[in-house]
Amino acid sequence: MTSWIPIRQNLYESPKTTQVARALSADRYAVVGMMVRVWGWVGEHTADGVISDISPNEFDQIIGVDGLGEALLRAGWMLSSGGDILFPEWEQWNGQCAKTRLLDAKRKRDKRNAEGAKVAN
């Protein structure tokens, strides 16, 4: 469903990153890598950030990190409801509209930079 995911530049500094790192006794850089893996996997299997009929423990097995599901639940990066796991604000950051918006902003920024370079020459 997705071939790329946006990553905030300050993800390393997020309080949620710190919470997950503490819960897993892991480095914050490792947590950033875990989140890239998580969001990539979620993007491959859902358009709306909801994975049906999966427990946090099964999620851990898929991602390959014991305790990650519970750590994400505690940090608020993941919710669990009725046997499903949900990723809040998925559509805001990873939905097609969000990606279109990000690509449009990049295109405009690149155009401004190219025009600025022409003026400077």
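Read the figures in this text as sums done on the coordinates, not as results from a lab. None of these values were measured; they are calculated from a predicted model. FYI the Cβ positions are ideal-geometry reconstructions off the backbone, even for glycines, and counts take in every protein chain you see.
Tabulated results
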read-out: Residues S3, S52, sorted so that the one with the fewest Cβ neighbours within 10 Å comes first; value: S3, S52
read-out: Mean Cα-pair separation over length for segment 11-90, i.e. relative contact order, pairs under 8 Å, 6 or more apart, %; value: 29 percent
read-out: Within-14-Å neighbourhood charge of D84 [Cβ basis; K, R +1; D, E -1]; value: -3
read-out: Per-residue [θ]222 nm for the chain (sum of -39500 (n - 2.57) over DSSP H runs n ≥ 4, rounded to 500); value: -19000 deg cm²/dmol
read-out: Fewest-first sequence of T17, T46 by Cβ atoms within 10 Å of each Cβ; value: T46, T17
read-out: Counted charge near I63, where neighbours are those whose Cβ lies closer than 14 Å (Asp, Glu -1; Lys, Arg +1); value: -4
read-out: Ranked packing of 6-14, 27-35, 82-90, most packed first, by mean Cβ within 10 Å; value: 27-35, 82-90, 6-14
read-out: Proportion of all alpha-carbon pairs of the chain beyond 22 Å (%); value: 41 percent
